Amino acid sequence: MLDFRVYIPTKLLFGAGAIKRLHEEGFPGKKALVVTSAGKSVIKYGILDKLMEELKLAGIESVIFNKILSNPILTHVHEGAEIARKEGCDFVIGLGGGSSIDAAKAIAISATNGGNYWDYMQEGSGKSKEVTEKPLKIVAITTTAGTGTEVNPWTVTTNRELNEKICFGTDDTYPAVAVVDPELMVSVPPAFTAYQGFDALFHSTECYISKAASPYSEMLNLEAIKAIGTNLGQAVHNGSDIHARYFVALGNTLSGMSDSISSGISAHSIAHSIGGLHPETPHGAALIMICEAYYQFYVEKHACDEKMIQMAKAMGKADAEKPQDFVDMLARLKKDCGVDGLKLSDYGVTPEEFDSIAYHARKDSGGLYDYDPCTFTDEDAVEVLKKSYR
């Protein structure tokens with residue numbers, strides 16, 4: 001019998017065309033800093049225009065900050081915060097993938113608290129400085145199904161000078177309003193649909209086998225694993241399939257909720273460390289490349305056999321009866337999505353870096369190791385990297 005805490009205060013608008021209802025819900029301020037990526041997709045596919053129309057209908061002023069990279073960096077957090085202060089913005093809107101929403105959260109903190117945002121980090125070289133002022137309110141409009149950040153408080157930022165990639169958040173960085181509209185996701189290319197979908201899947205699988213799991217989070221996780229595991233292949237191969245996009249997006253949002261009340265484990269620490277050393281590595285790709293060796297470790301340790309079987313069943317193997325079935329289903333889904341050929345070496349990772357990756361994984365995101373279903377050492381991390389390396 002486990003005690004658990006549930007606090008997910010985000011108002012969620014979910015479904016095809018949901019963005020068109022945003023102006024009716026009310027915004028948490030009068031002038032928005034719209035935080036979006038340096039890419040052109042939100043413009044090319046008319047997504048920014050849709051948001052601008054909603055702001056116009058609600059009588060909201062806005063300023064656009066469109067420099068966010070696929071891994072948000074510290075300098076852009078400071079720059080965005082300075083613009084928000086200078087322009088008198090009283091809330092932020094993260095528009096785009098998880099990177100844009102994460103950056104919006106970090107900017108929301110930095111805009112009201114000032115100083116070096118990195119001082120607030122509680123791991124790595126952070127100084128665990130207290131966030132004393134309420135962050136700006138946040139609206140999250142996701143155009144991808146990957147991180148679940150639209151319904152949780154977490155934000156991941158990279159400090160390139162230190163090669164650190166660290167997660168942070170408070171109860172005040174839950175978005176006030178989130179929009180999850182599968183119609184905004186149909187333009188995501190196949191490879192990135194796969195990267196993002198696997199990221200969401202691994203949020204669920206990690207939280208499900210985590211020591212922080214509860215009956216509430218387990219319920220969310222199994223539904224998320226089912227939704228993603230049985231629909232991601234179709235979303236990759238036919239991006240305009242709204243049915244598939246809907247259920248992958250649903251799985252992503254459920255996994256994001258679970259990430260608020262459970263916890264990821266060391267797989268994410270390793271993937272963040274890879275991204276910290278090689279910032280061009282998509283986070284989901286890093287997780288994909290290590291996943292079979294990583295979960296095989298728990299199979300061999302018999303750390304969570306029954307949960308592995310339940311995850312395999314959720315992914316579509318109704319007759320699963322052994323933990324190895326889950327790893328086999330991961331391999332099958334990788335092949336179905338065309339990402340089974342990804343190689344760490346393609347992103348510049350070398351075997352000489354394995355010790356450094358393991359070191360930074362624990363140094364920068366060591367808290368996640370506390371929730372592993374059994375002891376997972378730095379030596380184990382190096383071994384996973386060795387077995388994953390191509």
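Starting from 0.36 nm per residue, how many nanometres of slack lie between residue 191 and residue 128 once their C-alpha separation is accounted for?
The span from residue 191 to residue 128 would gain 19.0 nm if fully extended.
Given the peptides 324-336, 136-148, arrange them by the average over their residues of other C-beta atoms within 10 Å, most packed first.
136-148, 324-336
Treat every Asp and Glu Cβ in the chain as -1 and every Lys and Arg Cβ as +1, leave all other atoms uncharged, and give the resulting dipole magnitude about the Cα centre to the nearest 20 debye.
In total the dipole reaches around 860 debye.
Residue-wise, which Karplus ³J(HN,Hα) couplings in Hz belong to the stretch 277-291, taking 6.51 cos²θ - 1.76 cosθ + 1.60, θ = phi - 60°, and x for glycine or proline?
Once θ is set to phi - 60°, the couplings for the stretch 277-291 become 7, 10, x, 7, 7, x, 4, x, 5, 4, 5, 4, 5, 9, 5 Hz.
Under a 1.4 Å probe, what is the accessible area of the stretch 84-181 per residue, stated in Å²?
Per-residue accessible area for the stretch 84-181 comes out at 31 Å².
What is the sum of charges around residue 211, taking Lys and Arg as +1, Asp and Glu as -1, for the other residues whose C-beta is under 13 Å from the C-beta of residue 211?
Residues near residue 211 contribute -3 overall.
Using just the helices of the chain, give the 222 nm mean residue ellipticity in deg cm²/dmol: DSSP H runs with n ≥ 4 each add -39,500 (n - 2.57), and the total is spread over all residues, rounded to 500.
Here the helix-only value at 222 nm equals -15000 deg cm²/dmol.
Which residues make up the longest stretch of the chain clear of GluC sites (Glu not before Pro) that lie in a DSSP loop with no more than 14 other Cβ atoms within 10 Å, not counting the sites?
For GluC sites (Glu not before Pro) (loop position, at most 14 other Cβ atoms within 10 Å), the longest site-free span of the chain is 1-129.
Treat every Asp and Glu Cβ in the stretch 99-153 as -1 and every Lys and Arg Cβ as +1, leave all other atoms uncharged, and give the resulting dipole magnitude about the Cα centre to the nearest 20 debye.
Dipole of the stretch 99-153, to the nearest 20 debye: 120 debye.
Residue by residue through the stretch 200-208, which ³J(HN,Hα) values in whole Hz follow from phi under the Karplus form 6.51 cos²θ - 1.76 cosθ + 1.60 (θ = phi - 60°), with glycine and proline marked x?
4, 4, 6, 4, 6, 5, 5, 5, 5
What is the packing order of peptides 338-347, 186-195, taking the mean over residues of other C-beta atoms within 10 Å and listing the highest first?
Order by mean packing, descending: 186-195, 338-347.
Can you say what percent of the DSSP beta bridges in the chain, counting only those with both residues inside, are antiparallel? Round to 5.
15
Could you look at the stretch 300-339 and say what percent of its accessible area is carbon and sulfur, using a 1.4 Å probe and all protein chains?
C and S fraction of accessible area: 43 percent.
Rounded to the nearest whole Å², what accessible area per residue is found for the stretch 197-259 with the 1.4 Å probe?
Using a 1.4 Å probe on heavy atoms only, each residue of the stretch 197-259 averages 30 Å².
Counting only residues 5 or more places away or on other chains, whose amide H sits under 5 Å from the amide H of residue 93 once H atoms are built in the peptide plane?
33, 34, 35, 139
How big is the charge dipole of the stretch 259-390 about its Cα centre, in debye rounded to the nearest 20, if each Lys and Arg gets +1 on its Cβ and each Asp and Glu gets -1 on its Cβ?
Charge dipole, the stretch 259-390, about its Cα centre: 300 debye, nearest 20.
Have a look at the stretch 102-150 and give its Rg and Dmax from the Cα atoms, expressed in angstrom.
12.3, 33
Which length gain, in nm to one decimal place, applies between residue 375 and residue 219 when the Cα-Cα distance is subtracted from 0.36 nm times their residue separation?
Going from the current span to full extension adds 53.7 nm.
Taking every eigenvalue of the Cα gyration tensor of the chain, multiplying by 5 and rooting it, what semi-axes result, largest first, whole Å?
Gyration-tensor ellipsoid for the chain: 32, 24, 19 Å.
When ligands, DNA and RNA are left out and all protein chains stay put, how many square angstrom of accessible area per residue does the stretch 275-390 have with a 1.4 Å probe?
I get 44 Å² per residue for this part.
Spelling out what I want: for every residue of the stretch 61-71, take phi, set θ = phi - 60°, compute 6.51 cos²θ - 1.76 cosθ + 1.60 (Karplus), and round to whole Hz; glycine and proline get x.
7, 8, 10, 9, 10, 10, 10, 5, 8, 5, 10
With a 1.4 Å probe and every protein chain left in place, tell me how much accessible area residue 302 has, in Å² to the nearest 10.
Near enough 120 Å² of accessible area.
Compare the Cα positions of 27, 114, 293 along the charge dipole of the chain (+1 at Cβ of Lys, Arg; -1 at Cβ of Asp, Glu; about the Cα centre) and return the one farthest towards the positive end.
So the residue furthest toward the plus end is 27.
The values are calculated or read from the model by the stated rules, or taken from the named source; none is laboratory data. Just so we're clear, the structure is a prediction, and the values are computed from it rather than from any experiment. Glycine gets a Cβ as well: all are built from the backbone with ideal geometry, and neighbour counts include every protein chain shown. For the accessible areas, the whole protein counts, side chains as well, though only heavy atoms, and no ligand, DNA or RNA atoms are used. Shrake-Rupley method; radii C 1.70, N 1.55, O 1.52, S 1.80 Å.
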